[in-house]
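Values in this text are rule-based calculations from the coordinates and carry no lab data. Please read all numbers here as calculations on a predicted model, not as lab measurements. Here Cβ is always computed from backbone atoms with ideal geometry, including for glycine, and neighbour counts include all displayed protein chains.
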Amino acid sequence: AVCSMGNSTSRLYSVLAKTLSSGAVSQHQDCLEQLDSAQLDPIDPKDLLEECQIVLQKRPPRFQRNFVNLKRNTASNHRPIRVMQWNILAQALGEGKDNFVQCPMEALKWEERKCLILEEILAYKPDILCLQEVDHYFDTFKPLLSRLGYQCTFFPKPWSPCLDVERNNGPDGCAMFFLKERFELINSANIRLTAMKLKTNQVAIAQTLKCHETGRLFCIAVTHLKARTGWERFRSAQGCDLLQNLKNITQGAKIPVIVCGDFNAEPTEEVYREFSNSSLNLNSAYKLLSPDGQSEPPYTTWKIRPSGECRHTLDYIWYSQHALNVNSALGLLTEEQIGPNRLPSFNYPSDHLSLVCDFSFNQDPDRLL
């Protein structure tokens, strides 16, 4: 039976919650190895969504966003692959380090904020979910999403800033989830990004999947590059390292690739140009929302810190434009929806907007680059 998620941990995942504490990642992994998620009862997503809405009943309703149809007369005889990219805001950073001066602490309570995050995921039903700043992987996202039918992978940052926060829940990192009924995992690589030949604190996950319906292979990657002004060359080097890894994994673009990430870089930065001009023949999916198909959205993150208002385009879904088509993309929140206090808020759980795209394979897989 599905029970209220109330103020205590939901019984939907109490089997794991009892064994998990905010210790090191390795301790969490030991616990999980002893508990095969396949042995746990599946969760009906409608039931989980209902439970989330019960917890959130005192909050304003979720923002309504619409998908924009981008299909360019391309016939496809298979279901599109829905990919969701989202920096969900690490709980330890939201409460302890990020200083969202216009966001009440009450809006950041994890027991409710996790339900806002889950509600957003459940609303869009992604086939593949790519997340950054995940610091509740072992006690929330893996136990719940695995029971929704997802295969789950997590790669934490080696020196997560979350660990500097008192009463943290372990390090944050990148996480990837894909529906096992739709895809088979062929290969998986956890990549610690390098810059100037030095290992850095930023990571990526790259997985080669086989689509059950079409038999086609493709690579899906998630990353989170170094933040802050002044680190542009560092981000550029990290981007080059990721591209080189992806060239090897895709055998020089023979396998299509989708790259999701918080790049912490505006389109004017060098790392953006490197991805645009890569031999992998990548395009940024959200450019297709612009009238000319050449401009990124005006923002993917909007927050107010002590230093002032921060409105930037930092998040992207890149894809192999010779092999994949973007059927549709989820429209962004308007300034009016976001409101004067910006993000996060009682309405929205993160300072970054989720990006969602529907992809289909090009019907001519042998088409040259």
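Ranking HIS322, VAL356, ASN264 by how far each Cα lies toward the positive end of the dipole of the chain (charges on Cβ) leaves HIS322 at the top. Among GLN151, GLN337, GLN321, the largest mean-square fluctuation in a Gaussian network model of the chain, built with springs joining Cα atoms closer than 10 Å, belongs to GLN337.
When +1 charges are put on Lys and Arg Cβ atoms and -1 charges on Asp and Glu Cβ atoms, the dipole computed for the range 118-264 relative to its Cα centre reaches about 640 debye.
Using the Cβ of PRO158 as centre and a radius below 9 Å, the other residues enclosed give a net charge of +3, where K and R count +1 and D and E count -1. Summing charges over all other residues whose Cβ lies under 13 Å from the Cβ of ILE258, with Lys and Arg as +1 and Asp and Glu as -1, gives 0. Applying the Karplus relation 6.51 cos²θ - 1.76 cosθ + 1.60 with θ = phi - 60° to the range 140-151 yields 3J(HN,Hα) values of 9, 6, 5, x, 7, 5, 5, 7, 8, x, 8, 8 Hz, where x marks Gly and Pro. The phi torsions of the range 80-90, fed into the Karplus equation with coefficients 6.51, -1.76 and 1.60 and a -60° offset, translate into couplings of x, 9, 8, 10, 10, 10, 7, 8, 8, 6, 4 Hz, rounded to whole numbers, with Gly and Pro shown as x.
Ranked by the mean number of other Cβ atoms within 10 Å per residue, highest first, peptides 300-307, 344-351, 179-186, 127-134 order as 127-134, 344-351, 300-307, 179-186. The stretch between GLN64 and SER276 holds 73.2 nm of extra length on full extension. This uses 0.36 nm per residue minus the Cα-Cα distance.
How far, in nm, would the chain grow between LEU198 and ILE54 when pulled straight, counting 0.36 nm per residue and subtracting the alpha carbon separation?
Using 0.36 nm per residue and subtracting the Cα-Cα distance, I get 47.1 nm.
Projecting the Cα atoms of MET84, PHE178, ILE249 onto the charge dipole of the range 80-361 (Cβ charges, centred on the Cα centre) puts ILE249 farthest toward the positive pole.
Starting from the Cα of LYS109, draw a straight line to each of the lysines and keep only those under 26 Å, dropping any in the same chain fewer than 8 residues away. Answer for LYS109, where 26 Å is the Cα cut-off: LYS18, LYS46, LYS58, LYS97, LYS125, LYS142, LYS157, LYS303, listed by chain and number.
Full extension of the chain segment joining LYS254 with GLU184 gains 23.4 nm, where the gain is 0.36 nm per residue of separation less the Cα-Cα distance.
Couplings 3J(HN,Hα) for the range 249-262, derived from phi with the Karplus relation 6.51 cos²θ - 1.76 cosθ + 1.60 (θ = phi - 60°), are 5, 8, 6, x, 6, 5, 9, x, 9, 10, 10, 10, x, 8 Hz, where x marks Gly and Pro.
Taking Cα centre as origin and charging only the Cβ of basic (Lys, Arg, +1) and acidic (Asp, Glu, -1) residues, the dipole magnitude of the range 80-361 rounds to 880 debye. The distance from the alpha carbon centre of the range 211-279 to that of the range 157-201 is 15 Å, rounded to a whole number. Per-residue ellipticity at 222 nm, computed for the chain from helices alone with -39500 (n - 2.57) per DSSP H run of at least four residues, works out to -6000 deg cm²/dmol.
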